[in-house]
Amino acid sequence: MILLFGVVMIGFFSTKLGFWKADLNKKMSHFVLNVSAPMLILSSVMGEGLEFSTEEIVRLMWVAVVNYAIIFPLSYLVSGIWRQRDADTDGQLRFMTTFGNVTFVGFPAVAAIFGDRALFYAAVLTIPFNLLMYTIGEVFIAGGKARNAIQPKRVLSPCVLAAMITVVLALAKTHTPSLVARFFHLAGDMTIPLALIIVGSTLASMPGRAMLGSRFAYIASIIRLCVVPLVVYGIFRLLPVDAFTMQVAVVLSGMPIGVNGVMFCLKFNKDERLMAQSIFLSTALSMLSIPLLALLVR
């Protein structure tokens, strides 16, 4: 996490010094989500020593479904207990509880903590995340109006398609030629530094004093970073889940609030300030919470 935080700081200070322009973030985010991240996911089943059994893949899919079967009702429980002053804020709280930053922070984190094999686990475990983000996630932010905006083609994003292809390749036990594997690893490895630089640059563009003054942001960050993964961890301890799968799933469930929340707020003309504040704080605090969570589950 020190190494990852160091790359985040490169993005932060590069933006402050003018080496990295803030308007690059949106373009580079599109590049990461549509090009390098799918290649990183595909590379997770390419190479020596990365064979996966059918039982292993079926187990991962089962854990992925159970994971969001836990988090989704939890988001409604949290919003029911901690009622907000309006429906928009209530919906944003449910979004923050449900959706973490699994692409920009989650993939680099599990790769750094658990190694390359964990990338395939993360790819399969986040298939429901990608499906829900562009359906239920929009409903949380926009309310009833979101149902007219949801398009089936958006559900099949490049990351979702790449994750599905990795499952097929793993089930078929496809042997990838060495040159092809090296190509996908080389191109996919851009994802981690680019994603972390984007996170740092995004933080640099937010006014720090304003971010540190929101009570809502602190509580929402604690829920996302501590309450959600601890609940997931407690329930998985009661289920027949192997240790490594549980570790990856729990750490992924403890990621900071997803940056897509701000984009959804802007899309549906909602006030994005609370969302931006919560993303800022949860991302900063995750540099401490993620390694502590990794120590707990291991």
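The values are calculated or read from the model by the stated rules, or taken from the named source; none is laboratory data. None of the values given here were measured: they were computed from a predicted structure. All Cβ positions, even for glycine, are placed from backbone atoms using ideal geometry, and neighbour counts span all protein chains on display.
Observations, loosely collected:
- Of the residues making up segment 241-293, those that are more than 15 Å from the chain's Cα centre (by Cα), outside any helix (DSSP H, G or I) and either under 18 Å from residue 217 (Cβ atoms) or of a type in the set (A, V, I, L, M) (or both) are 241, 270, 271, 272.
- Residue count for segment 1-27, restricted to those that are outside any loop (DSSP other than H, G, I, E, B) and modelled with pLDDT of 85 or more: 8
- The C-beta contact set for segment 74-92 (first residue free of Cβ contacts under 8 Å to residues at least 40 places away in the same chain, second residue among the polar types (S, T, N, Q) and not in a helix (DSSP H, G or I), distance under 9 angstrom, 6+ apart or interchain) comprises 90/84.
- Scanning segment 158-191 for residues that are closer than 20 Å to residue 127 by Cβ, aliphatic (A, V, I, L, M) and in contact (Cβ under 8 Å) with a residue 24 or more places away in the chain returns 160, 161, 162, 163, 164, 165, 167, 169, 170, 171.
- Pair list, Cβ < 7 Å and 6+ apart or interchain, from segment 54-73 residues that are free of Cβ contacts under 8 Å to residues at least 40 places away in the same chain and within 14 Å of residue 239 (Cα to Cα) to residues that are surrounded by fewer than 15 Cβ atoms within 10 Å (Cβ to Cβ) and acidic (Asp, Glu): none
- Taken residue by residue, segment 34-44 has at least one member that is in a helix (DSSP H, G or I), in contact (Cβ under 8 Å) with a residue 40 or more places away in the chain and surrounded by fewer than 15 Cβ atoms within 10 Å (Cβ to Cβ).
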